[in-house]
Amino acid sequence: MSDAPSILSPPRAGRRRPTLPISEQVTGRLRQRIANGEWTTGDRLPGERQLAEDMGVSRVSVRAALQTLKTQGFLASVQGGGTRLVATAPEIETGLTELIRKKADNLHDLADVRIALETWAAGKAAERASAHDVAEIGQRLAAMEAAPRSLYDEGGTDATLAQMDIRFHLAIGRAAHSPVYLHILGVIRDTLLQMLRFHRYELFIAPEDDDQVMAHHRAVYRAIATHDAAAARAAMHHHLTWVLEQYNRV
């Protein structure tokens with residue numbers, strides 16, 4: 001049998017893995033926070049000083065990490081200072097979005113996949129949500145309920161109804177407290193936003209459609225707030241199955 005070390009084996013005595021430079025460690029930690037859904041596409045990141053304090057590193061290291069993430073296509077500079085999130089996984093997102101553009105069946109498949117993923121997440125959120133998580137989901141729901149009719153017109157940036165919708169679903173994802181699920185969301189998040197734009201500005205254009213969506217969202221929120229996992233799964237499944245059924249209208 002070969003005595004070559006396995007990648008799963010612990011390091012041999014006397015051998016230590018090389019330590020990454022601080023700036024690269026910060027880059028990795030920021031990328032993980034992006035993957036975990038802490039920031040939504042279009043969100044402005046905290047300033048260098050706050051990030052440095054949060055992570056216990058120097059502003060120089062944070063500045064270098066932010067520059068790396070800009071080069072990789074995750075962040076962009078904001079006029080007047082600061083940075084915002086422009087993508088979660090640019091290369092994967094571009095490919096998936098292109099698939100959807102080329103064939104409507106792919107959008108249908110994505111809607112079908114959402115039923116499985118988000119039904120599971122809603123149940124876990126009901127089981128695991130903290131008071132803070134429930135409050136955040138409630139705030140995202142309230143923002144949609146208070147949205148003026150002007151937001152139903154596509155063309156806004158962070159304040160469109162589609163952006164509010166995805167923030168509601170992302171808040172549920174964070175409440176599930178599953179790094180695996182948050183990573184999956186990080187990969188497909190921008191594509192989901194494109195999907196929700198289609199829903200909000202082309203598919204659900206009648207007032208009664210929007211009333212249905214909001215009623216579904218309220219049912220999901222109530223189930224999570226009362227920590228009723230079965231009801232949360234049922235409410236999310238009902239909502240997304242209804243969405244899938246609306247595809248037959250187009």
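Any read-out appearing in this document is the output of simple, stated calculations on the displayed coordinates, not a laboratory observation. A quick note: this is a predicted structure, and the numbers were derived from the prediction, not measured. Cβ placement follows ideal geometry from the backbone for every residue including glycine, while neighbour counts extend to all protein chains displayed.
If you put +1 on each Lys and Arg Cβ and -1 on each Asp and Glu Cβ, how big is the dipole of the stretch 22-85 around its Cα centre, in Debye rounded to 20? All intermediate terms of the calculation are to be shown ahead of the outcome.
Working: 9 positive and 6 negative charges, 27 e Å.
With Lys and Arg at +1 and Asp and Glu at -1, about 120 debye.
Arranged from fewest to most other beta-carbon atoms within 10 Å of their beta carbon, Tyr247, Tyr221 become Tyr247, Tyr221. Subtracting the Cα-Cα distance of Arg222 and Gln79 from 0.36 nm times their residue separation leaves 47.5 nm of extension gain.
Would you order Phe198, Phe168 from fewest to most other beta-carbon atoms within 10 Å of each residue's own beta-carbon? Please list the in-between numbers first.
Values: Phe198 17, Phe168 22.
The fewest-first ordering by Cβ neighbours comes to Phe198, Phe168.
Between Gln212 and Arg44, the simple label model (points 7 Å from Cα in the Cβ direction) yields a spacing of 3.8 nm.
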